[in-house]
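Shown next, in structure tokens, is the structure this report addresses.
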Amino acid sequence: MSFLLQPRCQRVLLLGCLGCLYFLLCGCGGLKYTKRVQPPISVERVLAQLVEHRRGFEDLRARVFISISREGKRQSFSANLLFDSSGRIRIEGVGFADIPYFFLAADPNRICLYEPAQQRLICGESSSQNLERLVGLELQPESAVAIFSGNLPASVSFPPLRGVFSRADQDGSVEFFSDSDQTWYRLWVDRQKGVMVRMETKSADKKPLLTVRFEDYQMVDGYYWPRQIECSLPSRVDLKIRYKQFSLNSGISDHAFHLPYPPGTVIENIGSLW
């Protein structure tokens, strides 16, 4: 004589058996819920991530349209910004009716400013002091290029030298001393995207130099790019850069970095602009 359960009873019995099996496995340690935890933050891990991100920009050439405001002086203007990973920069300040009112070109060796209204070209040493006087950032051109694209300055290398001070803080930041440029760095990062959200720098004797905030990262032609950058310098104006249009690695020749100036332009060659 056979005994058959109704289909409904079979389903109930099967669910009951599965529940007992799950209970036994959990009670015996067979199944455990493991929460996914990110590895602890460290200077080495953060620097490796940021240097890897910077490496993706090594062959970059960018043409972008930006708005720049200097809040301390209540100045604002639009500009066409051109730069590449070798440290070359060209800025065309755009005034009323899209008429250019200044051109700035800089590379690791020289910096030049052309003023069309006065037909005057001033060229001098490519120094952080001269770049700060013109655009508000006291940086070498190659470091400015890196920051414009949300990257560490080129002077920061990985791995850090032995004996160099470094630490990771509970607020998610890392701090280290870069021996190559004698500068203290403190960085806050988005560890999922591998990008900086804030950077603070200080001189070797701990005097504040620069604070940069990187906001609204978006993917642009395969690059994670901050759409807004805010730079603060102690006892000076705050500089805010907003990116509006992008053209990356497309139709940008070496000639595009040259300054246009007509015959008869007065040329001044000096070591320091002022």
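The values are calculated or read from the model by the stated rules, or taken from the named source; none is laboratory data. Small disclaimer: the values here were computed from a predicted structure and weren't measured. All Cβ positions, glycine included, derive from the backbone under ideal geometry; neighbour counts span all protein chains shown.
Residues that are acidic (Asp, Glu) and more than 15 Å from Arg133 (Cβ to Cβ) were ranked within segment 90-119; the one that is farthest from the chain's Cα centre (by Cα) is Asp98. Of the residues Asp205, Asp221, Asp181, the single one that is more than 26 Å from Asp59 (Cα to Cα), over 15 Å from the mean Cα position of the chain (by Cα) and charged (D, E, K, R) is Asp205. For segment 221-235, state whether one or more residues are touching a helix residue (DSSP H, G or I) at 6+ places or on another chain (Cβ under 6 Å) and not β-branched (Val, Ile, Thr). Scanning segment 221-235, I find no residue that is touching a helix residue (DSSP H, G or I) at 6+ places or on another chain (Cβ under 6 Å) and not β-branched (Val, Ile, Thr), so the answer is no. Residues of segment 198-223 that are over 23 Å from Ser180 (Cβ atoms) and surrounded by fewer than 18 Cβ atoms within 10 Å (Cβ to Cβ): Arg213, Glu215, Asp216, Gln218, Met219, Val220, Asp221, Gly222.
Restricting the first member to segment 253-273 and to residues that are exposed (fewer than 11 other Cβ atoms within 10 Å of the Cβ), and the second to residues that are at pLDDT 85 or above and assigned to a loop (DSSP other than H, G, I, E, B), the beta-carbon pairs closer than 8 Å and six or more apart or on different chains are Pro262/Gln119; Gly264/Gln119. Of all residues in segment 101-150, those being aromatic (Phe, Trp, Tyr) and more than 15 Å from Arg88 (Cβ to Cβ) number 3. In summary, Leu131 fulfils each of the numbered conditions (1) buried (at least 18 other Cβ atoms within 10 Å of the Cβ); (2) under 28 Å from Gly194 (Cα atoms) with the single exception of condition (2). For the residues Pro234, Pro226, the requirement of being more than 27 Å from Phe57 (Cα to Cα) and either within 18 Å of the chain's Cα centre (by Cα) or surrounded by fewer than 17 Cβ atoms within 10 Å (Cβ to Cβ) (or both) singles out Pro234.
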